Structure formats: C-alpha cells, structure tokens
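The numbers here are math on the coordinates, done by the rules we state, and not lab data. Bear in mind the structure is a predicted one, so any value in this text is a computation, not a measurement. Positions of Cβ are backbone-derived with ideal geometry, glycine not excepted, and every protein chain shown enters the neighbour counts.
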Amino acid sequence: MGFVIIILTAIFGIIFITIGIQNGGTVVDVSVLKWHFTQVPLTLVMIECLALGVFITIIVAGINEIRLRHNLWNCEKEKKKLAEELKALRNLPLTEEPEILKTEETSEEEE
C-alpha cells in the first residue's frame, strides 16, 4: 500500500510541477474571505494551496493517530484484565463440582 501512495504522490507532483512551469508568468487576483490580493503569480498560489493541503492532511492524520493509539491502549488494558482473569480461573482447585452438576443432582433428588 505504501508503494502505491508513493507512486501516486510522484505522479501528482510531476503534474503539479508541469502546470506550474507552464503558467509561470501568469498573474491572478485572489480573494480569500475578506482579503483581496492582486497580481499574485499563479505558481505562488499553487504552492500555497499545496502547503495548506499538506498542513490539513497532517492535522487529520494526527487526530486519527491519536484516536487509534487510544483504542490500542484500551484494547491492551482489556487484554491484560482478561489474561489476569484467565490465570485466576486456571488456578481454581479441581475438587469443586460445577454449579450445573449440583443443581442437576438436587433436582433429581427432589423427584
């Protein structure tokens, strides 16, 4: 999966660079919310959009990583609890009769 992501990133990078080179002399007017910028090179706008996309991706990936680590921590905590419970059950003495057998014997005696 990692190899596919690297290939796709390289392809998009090549496309991005090609478009930037072909439109190197183009200037545009940019309006972002209340701000207006005039005569901004298109290549600069593209680079800033790429940087913003990378920043947003890092934030989303970081949040996802924190959530996954929290889930992993909870699972490890539960696993430890279940392992202790299993160890306690294995250490029970074998001389005791299970409750099921005791209830069956009492029901047979009552009949």
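Summary of values
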| read-out | value |
| --- | --- |
| Signed unit charges on C-beta, dipole axis of the range 2-92, positive-most listed residue C75, S31, L86 | L86 |
| Cα-based shape type of the range 2-92, given that a ≥ b ≥ c are square roots of the gyration tensor eigenvalues and the cut on a/c is 1.5 | oblate |
| Extended-chain gain in nm, criterion 0.36 nm per residue less alpha-carbon gap, E76 and F37 | 8.8 nm |
| Prolate/oblate/rounded call for the range 9-58, Cα gyration tensor, a/c under 1.5 rounded | oblate |
| Full-extension gain in nm, I56 to I21, via 0.36 nm per residue minus C-alpha separation | 10.1 nm |
